[in-house]
1. What are the pairs with Cβ atoms under 9 angstrom where one residue, in segment 95-109, is among the β-branched types (Val, Ile, Thr) and the other, located anywhere, is part of a helix (DSSP H, G or I)? Sequence gap at least six, or different chains.
2. Identify all residues within segment 280-304 that are closer than 16 Å to GLY153 by Cα and modelled with pLDDT of 95 or more; write none if there are none.
3. Suppose we keep only residues that are in contact (Cβ under 8 Å) with a residue 40 or more places away in the chain and basic (Lys, Arg) within segment 218-277. Which one would you say is farthest from ILE208 (Cα to Cα)?
4. If you go through segment 160-181 one residue at a time, how many are touching a Phe, Trp or Tyr at 6+ places or on another chain (Cβ under 6 Å) and among the polar types (S, T, N, Q)?
5. Kindly evaluate GLY237 against the criterion of being touching a helix residue (DSSP H, G or I) at 6+ places or on another chain (Cβ under 8 Å), part of a loop (DSSP other than H, G, I, E, B) and either in the same structural domain as ILE189 (by TED's automatic domain parsing) or not aromatic (Phe, Trp, Tyr) (or both).
6. Does ALA186 meet the test of being closer than 20 Å to ILE55 by Cα, in contact with a strand residue (DSSP E or B) (Cβ under 9 Å, 6 or more places away or on another chain) and either in contact (Cβ under 8 Å) with a residue 60 or more places away in the chain or not assigned by TED's automatic domain parsing to the domain that holds GLY271 (or both)?
7. Output the number of the condition that ALA289 fails; it satisfies all remaining conditions of (1) surrounded by fewer than 18 Cβ atoms within 10 Å (Cβ to Cβ); (2) in contact with a Pro (Cβ under 7 Å, 6 or more places away or on another chain); (3) free of Cβ contacts under 8 Å to residues at least 60 places away in the same chain; (4) of a type outside the set (Ser, Thr, Tyr).
8. Kindly indicate whether any position in segment 28-50 is part of a helix (DSSP H, G or I), modelled with pLDDT of 95 or more and surrounded by 16 or more Cβ atoms within 10 Å (Cβ to Cβ).
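The values are calculated or read from the model by the stated rules, or taken from the named source; none is laboratory data. This is a predicted model, so every value here is computed, not measured. FYI the Cβ positions are ideal-geometry reconstructions off the backbone, even for glycines, and counts take in every protein chain you see.
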Amino acid sequence: MKWYKRGTRLVLIPIVAVLLSLSGAPAEPGPTVQAVKGWTKGQGWGWIWGKDDEIGSLNAMTDASRSAALSIAKKGEVFDLGMTYSRRSFKWPGHSPGEILTFRSPDGIDRMRDKDAPPESINPEKVLWHSAALFINDNVATQIDGLGHITAGEDYHWYNGFKEADWGGDWGPRKCDATTIPPIVARGILIDVAAYKKVVVLPGHTAISTQDLKDTLAWEGVSIRPGDVVLVRTGTGQFWGEEGADHEKIAEHDSAGPDLAATKWLVAEMGAMMVGSDTSGYEVNPAPAKSGSHIPVHRYLLVDQGVHIGEFHNLEGLSRAKAYEFCYMAMTNKIKGTAAGFALRPVAMR
């Protein structure tokens, strides 16, 4: 091994790497910009995957990147990042309420003797069942925004130029719905801004700046690599409780989040493949004046960059454990036409 001075730091380099460099032999590739498919520093991702693409930056995942992410989980420790959804759960005003209705119950089947009830002659022990009919919103509780969730412009276009006139539908968008979100297995990074600032929770409407993110990462001692899933903690998630029923308390803090400049830094400069938080909308609200939109961060991420947004992730366990680096895994429901992968239970492992 050999020490080299780089700026104010001493860097330990394996002597074999030095010898390879001196001999002109190629060194093994590291986690460089060139090693991550589709990302360009200073630009980010964008509409680069072909005219029919519906996946966006998640195209960057490879067998090698998934294997590397899984290798982080050495302890087998699991953190449940999902929040429980119910008919009482907090929701952003632009989304519908939910309802869970009993469709069949043992008492009802037995009493009503509908045609789907098994005849008593073949069911003397009365083995019956429960089933429920659901009316829920695809953007409530723990979920991942699909790339068809946000539109922009007079033509209502979304990611990759898909337009409402061509690809809208009475049963949901026909391009970039949640079924196109692939299974996500990636290195995850927690940026615990609330803990760094030594507050229980960030006040509502707090704009998390680029410097806030940089300072928190330095405090944690971790760094972002291109292709990471980056989750930002405000502390709001602790108020979800059993089912997100305390709407007033959640709403008091739900509007804190990264601003557009901070998000551009995460994506264009650091290579975040997906971002998320413990709030309903990830970004600070209201948006600064002259932003061009009430949700400029959503427009930048989903429409311009093709970067999915994870919302209402439960980050409290990660924060308590100081688990700032982990393997992130999420698989969305494959329900055609949905604008988001919803009622999720993503996990972090280390």
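1. Pairs that qualify, where the first residue is among the β-branched types (Val, Ile, Thr) and the partner is part of a helix (DSSP H, G or I), are THR102/GLY108.
2. ILE295, PRO296, VAL297, HIS298, ARG299, TYR300, LEU301, LEU302, VAL303, ASP304
3. Filtering segment 218-277 down to residues in contact (Cβ under 8 Å) with a residue 40 or more places away in the chain leaves 220-222, 224-238, 240, 242-247, 250-262, 264-277.
Filter again for basic (Lys, Arg), leaving 225, 233, 264.
Values: ARG225: 20, ARG233: 10, LYS264: 12 Å.
In this case the residue turns out to be ARG225.
4. 1
5. Details: touching a helix residue (DSSP H, G or I) at 6+ places or on another chain (Cβ under 8 Å): yes; part of a loop (DSSP other than H, G, I, E, B): no; either in the same structural domain as ILE189 (by TED's automatic domain parsing) or not aromatic (Phe, Trp, Tyr) (or both): yes.
Spelling it out, it is not the case that GLY237 is touching a helix residue (DSSP H, G or I) at 6+ places or on another chain (Cβ under 8 Å), part of a loop (DSSP other than H, G, I, E, B) and either in the same structural domain as ILE189 (by TED's automatic domain parsing) or not aromatic (Phe, Trp, Tyr) (or both).
6. yes
7. (2)
8. Kept after step one, since they are part of a helix (DSSP H, G or I), are these residues of segment 28-50: 33-35.
Cutting the leftovers down to modelled with pLDDT of 95 or more gives us none.
Checked against the condition, which is being part of a helix (DSSP H, G or I), modelled with pLDDT of 95 or more and surrounded by 16 or more Cβ atoms within 10 Å (Cβ to Cβ), segment 28-50 yields no hits at all.
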